[in-house]
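Below is one structure, written out as structure tokens; comments come after it.
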Amino acid sequence: MEDSWHQLQPKTSFLVRLADRLTDQSWQTLTQLYQPIIGPSAAGLYSALFWLPKTGQYHRHATLLAILGMDLAHLYDARLRLEATGLLTTTVSTKDDLTSFNYDLHAPLLPAAFFKDDLLSVQLLGVVGEDLYQSLVSVNTSTTERSTDEENITKNFLEVFHVDGQELAELPTAITAGRQHLDAETHATAPALQAIPADFDFKLLGEILEHSFIDTRALRSERQLLLTEHATYGLDEVTMARYIGEATDLATNQFNAETFKRVIAQNFGRPQSAKPVAQPQKTATTPTNQSVNSAEQALIKVAANTAPAVFLQAIKQKSGGFVTDGEQRIVRDLVSRQLFPEAVLNLMVYHVLVDEDRPTLNKNLLDTIANDWSKAKITTPEQAIQKIRERQQAAKQPHRSRARQSATVKETLPEWAKTSTTNQQASRTKLSAEKQKQLQDRIAKLQDRPSTGKED
């Protein structure tokens, strides 16, 4: 989507819409869990939008600037932080050459959902540290203790309501039609799930864990996390079971997702004799047609069969470097977003580290490239190779343009400058001739002096 910064002015109007209902829990979650990530300015903007008088009517951004006491640049930055964390959806519309914004406020995630989100939980951990993070987990996910002698007598749905079995076997048309509409909306906004591999055998994992103390039923809600770690690090079922065991409390049999991610990252960071990835020639020297050459085909083959973290590690080892904790988080975030297949992610990493010869992965740069590739709907390694070529050509283009512009400036001289220069040269030539004639006359008079004995 095109950056809307240039459309934002104090006089630009906006409309606030509430997409969800906010509760006391929502405001507590916003303050305790979201604010450390988004900062007080973004949290203040969220509150200002919610409590703005006359909700449903258009306001000018100048009103927000006055309420918050900030300028447009800081307001725009705060808005981006709300958008990035899912608290705000922004749309822009133009009618009769007048631009207006629509701000849809979304309720913060429930604490349990927040801590299960890889991006939010990793970012919060990096900001507040492990001790405060664990305290926030305890405070926001504590459950009411129940006595051991309590008996659950809660009735289920079918015990209370009568449902026609025939209608369950053949759902009414109104229900199926409504679900199709919901599915269409879900697919329009959800990320592409094909980026997460389907080759992980959960049945085998369950059989491995069956004879352990681990409650496999509690792992069902962590399916997405397990797939993300499998896709990032290339973990097989046996290794995954071992890490799950290390992240499970022996006393309570409770699986800790954050401990699980930390254990994997720590084990991955230990020195090991990993098989290096073959390094074909840089893609910068490849031809500019749509086909790929033999070196690129070899690179694509390796990228398609190597987990992103392992691929990154092999590149760093070949150059004599090592994978940092921050780089592991960057790669995990890219995988969890489910925007690209593994091969495309690996080519993105290869382009940054090898083609551009950077020592480490930069999150802002990778986010920029990922946004560009997502807009271009890059889904295959061949498309990624072509996109890399286009990026390299675009990087060279401004230098040539500036050189041509400089040459043009040197060659072009205004008419007034030319006229002035010509006149100055003519004046200098004329003045020099006059002085020369005077000098010659003076010399002639001096030569005549001895014969006349007179002075003029």
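Summary of values
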quantity: Phi to ³J(HN,Hα) by Karplus 6.51 cos²θ - 1.76 cosθ + 1.60 over the stretch 310-317, Hz, x for Gly, Pro; calculated: 5, 4, 4, 4, 5, 5, 5, 5
quantity: Positive-end residue of LEU209, ALA265, GLN254, charge dipole of the stretch 203-271 with Cβ unit charges; calculated: ALA265
quantity: By accessible area with a 1.4 Å probe, ligands and nucleic acids excluded, highest first: order of TRP27, TRP51; calculated: TRP51, TRP27
quantity: FRET E, pair GLN297, GLN266, Förster distance 30 Å, beta-carbon r, rounded to 0.05; calculated: 0.25
quantity: Surface accessible to a 1.4 Å probe, ARG391 within the full protein complex, Å²; calculated: 80 Å²
quantity: Theoretical gain in end-to-end length, THR141 to SER13 [0.36 nm per residue, Cα-Cα removed]; calculated: 42.1 nm
quantity: Heavy atoms of LYS377: accessible area, 1.4 Å probe, square angstrom to 10; calculated: 150 Å²
quantity: Area accessible to solvent at ARG60, 1.4 Å probe radius, in Å²; calculated: 130 Å²
quantity: Inter-probe distance in nm under a simple model that places probes 7 Å from Cα toward Cβ, at THR380 and ALA48; calculated: 4.9 nm
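The values are calculated or read from the model by the stated rules, or taken from the named source; none is laboratory data. From a predicted model like this one, the values you see are computed outputs, not experimental measurements. Reconstructed Cβ throughout: ideal geometry from the backbone, glycine too, with neighbour counts over all protein chains shown. Ligands, DNA and RNA are excluded from the accessible area calculation, which covers all protein heavy atoms including side chains. Shrake-Rupley method; radii C 1.70, N 1.55, O 1.52, S 1.80 Å.
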